[in-house]
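Worksheet for the structure shown next.
The values are calculated or read from the model by the stated rules, or taken from the named source; none is laboratory data. Please read all numbers here as calculations on a predicted model, not as lab measurements. Cβ placement follows ideal geometry from the backbone for every residue including glycine, while neighbour counts extend to all protein chains displayed. For accessibility, only protein heavy atoms count, side chains too; no ligands or nucleic acids. Shrake-Rupley method; radii C 1.70, N 1.55, O 1.52, S 1.80 Å.
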Amino acid sequence: MVKISIVIPAHNVETFIKSTLNSIKKQSYDNFEVIIVNDNSTDNTEKVVRDFCNQDNRFKLINFPENKGVSEARNAGIKHSTGDFVFFIDGDDCIMNTCLSNVVAKIEEGIDAVLINYQLADSDGNSIDLKKLRFFEEQFPTQNVSGKEAVKLLFSHKISHWSFETIVRRTVLERNNIFFPSGRAYGEDFATIYKELFYSRKVAFLDEKLYVYVQRGSSAMHNHRLQDSENYYSGILELNEFVKKNIPSLEREKSFYILPRLINAYSIQCKFPNKQNINFMSKLRNEILKNTKILKNTEFHLSRRDRLKISLIKYRLLKYIYLLNFYRHKGKESK
C-alpha cells in the first residue's frame, strides 16, 4: 500500500493552517503522514498545529528555532519523510477529498511522479479565473510520458513548475540529491521541478483540479524584494548548466522557458528605482535579447505582454515605465 508523505512549510499562517490540515484529514485515502515545519512563526501557528497533532498521530510538527525560509522548511520535511512519495502543500492551500486516492490510483510500475491540476481561489474560498492573474491552463497529455518528455512539456509551457503540482517518489529526491535551494524565498519551485521530472522514469497526469491554490496579497509571489531578481537569475544559470550537460536537445525549449523568467527578473529590478543594480540589469538585458534571437522564426510564441516588455527592454525604456508608476504611487500615499 503506497504511503504519501505530505510536507507543509508553515510561517505565520494561523488563520489558514487549520483548513489546510482538515482538508488532508478528510481524505478518502488514509495511508499518509503529514510533516508540518513551523518556520519560527511569530503568531499562533505552532499552537494550532500542535493541537491538531495531538488529535491525530499521522500529523507531526517540526519547529525551527529561527526563520530559515520555505526552501529549508521543505528540505527538512523531505529528510524526515518515510513515505513512498512526497507531496508539497503550502500552509494556506487545500486539497479536494479524493486527491490522494486519485494520485495513488495513477501509480503503477515505473511511475516516479504524478502531476495534478489545480484551481485558484481567494482567501475567502471564492474561485478565481486563471486568466485574471495571467496563469495558463495546464495541457496535460492523456498518457504517461518519460521524464525527459515531461521536462519538454514544462519548458514548452504545457505544464507549470509549482512545487505542489508534482507528487514525486522519495527515492528520486534522495538518489539525485534534489533539494530546494537554500535561502531562496522566490523562484525555488522553478529551480527544482525540472530535476524531479528529469530523473523520473515515467510521469503520470491527473487533469482533475484537485489542489486549491489560494492567492493572498501578502504572499511572497505578490510582494517582491530586490533580492528575488538575483535569486531567479541564479536558478536560470543552474538550469542552463543542467540542460547543457543532460539534455542539450532541448536548448530552444529551454530558451522559451527561461525568457519570461529573465523578463521577470529584469522587471523586479525596475520596481526599485533607487536600488537598481545597473550592471546586473545590463546582463539580464543581454540574456533577454540573446534568447529572443534564439526563438526567432520558431514555433515558440511569447505572450503579447512579454513581447511588449522585450521591446521596452531593448530600447532601455521599461525602467522609466516603472519609475513613473513608482512616483505615481508615492503621490497617492502623500495625499
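In region 189-205, of all residues being touching a residue at least 60 places away in the same chain (Cβ under 8 Å) and open to solvent by 20 Å² or more (accessible area, probe 1.4 Å), the one that is farthest from residue 111 (Cα to Cα) corresponds to 199. Cβ separations smaller than 6 Å between residues 6+ apart or across chains give the following pairs from region 152-165 residues that are over 22 Å from residue 4 (Cα atoms) to residues that are open to solvent by 10 Å² or more (accessible area, probe 1.4 Å) and part of a loop (DSSP other than H, G, I, E, B): 158/139; 159/138. Applying a threshold of 7 Å to beta carbon distances and a minimum spacing of six or more residues, or different chains, the list of pairs starting in region 72-96 at a residue that is in a loop (DSSP other than H, G, I, E, B) and ending at one that is of a type in the set (D, E, K, R) and surrounded by fewer than 19 Cβ atoms within 10 Å (Cβ to Cβ) reads 81/170; 82/33; 83/3; 83/33; 83/170; 84/3; 84/170; 92/216.
Taking region 5-19 as the range and being of a type in the set (Val, Ile, Thr) and either surrounded by fewer than 23 Cβ atoms within 10 Å (Cβ to Cβ) or not in a strand (DSSP E or B) (or both) as the test, the residues that pass are 13, 15, 17. Would you pick out the residues in region 109-119 that are in contact with an Asp or Glu (Cβ under 9 Å, 6 or more places away or on another chain) and more than 13 Å from residue 165 (Cβ to Cβ)? Across region 109-119, the qualifying residue is only 112. For residue 149, which of the numbered conditions (1) under 15 Å from residue 257 (Cβ atoms); (2) open to solvent by less than 10 Å² (accessible area, probe 1.4 Å); (3) not in a loop (DSSP other than H, G, I, E, B) fails to hold? Result: residue 149 passes all but (2).
Condition check ((1) assigned to a helix (DSSP H, G or I); (2) surrounded by fewer than 22 Cβ atoms within 10 Å (Cβ to Cβ); (3) among the polar types (S, T, N, Q); (4) free of Cβ contacts under 8 Å to residues at least 12 places away in the same chain) across all residues:
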position: 240; (1), (2), (3), (4): yes, yes, yes, no
position: 252; (1), (2), (3), (4): yes, yes, no, no
position: 262; (1), (2), (3), (4): yes, no, no, no
position: 269; (1), (2), (3), (4): yes, no, yes, no
position: 274; (1), (2), (3), (4): no, yes, yes, yes
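Annotation: residue 28 fulfils all but one of (1) in a helix (DSSP H, G or I); (2) open to solvent by 10 Å² or more (accessible area, probe 1.4 Å); (3) of a type in the set (Gly, Ala, Ser); the unmet one is (1). Restricting 313, 294, 236 to those that are open to solvent by less than 80 Å² (accessible area, probe 1.4 Å), touching a Lys or Arg at 6+ places or on another chain (Cβ under 7 Å) and closer than 21 Å to residue 162 by Cβ reduces the list to 236. Scanning region 163-187 for residues that are open to solvent by 20 Å² or more (accessible area, probe 1.4 Å) and at pLDDT 95 or above turns up 169, 170, 171, 174, 175, 176, 177, 179, 181. Exactly one residue out of 296, 283, 271 is charged (D, E, K, R), modelled with pLDDT under 95 and within 23 Å of residue 185 (Cα to Cα): that is 271. Candidates in region 171-191 are the residues that are assigned to a loop (DSSP other than H, G, I, E, B), of a type in the set (A, V, I, L, M, F, W, C) and more than 9 Å from the chain's Cα centre (by Cα); of these, the one that is farthest from residue 229 (Cα to Cα) is 178. Of all residues in region 97-109, those satisfying the criterion of being of a type in the set (Val, Ile, Thr) and not in a helix (DSSP H, G or I) are 98, 107. Screening residue 22 against (1) within 23 Å of the chain's Cα centre (by Cα); (2) part of a loop (DSSP other than H, G, I, E, B); (3) surrounded by fewer than 16 Cβ atoms within 10 Å (Cβ to Cβ) leaves a single unmet condition, (2). Within region 110-119, is there a residue that is open to solvent by 10 Å² or more (accessible area, probe 1.4 Å), of a type outside the set (D, E, K, R) and part of a strand (DSSP E or B)? Looking through region 110-119, at least one residue is open to solvent by 10 Å² or more (accessible area, probe 1.4 Å), of a type outside the set (D, E, K, R) and part of a strand (DSSP E or B). The single condition among (1) in a loop (DSSP other than H, G, I, E, B); (2) touching a residue at least 12 places away in the same chain (Cβ under 8 Å); (3) open to solvent by 30 Å² or more (accessible area, probe 1.4 Å) that residue 299 does not satisfy is (2). Tally time: how many residues in region 40-80 are open to solvent by less than 10 Å² (accessible area, probe 1.4 Å) and under 22 Å from the mean Cα position of the chain (by Cα)? Final tally of qualifying residues: 6.
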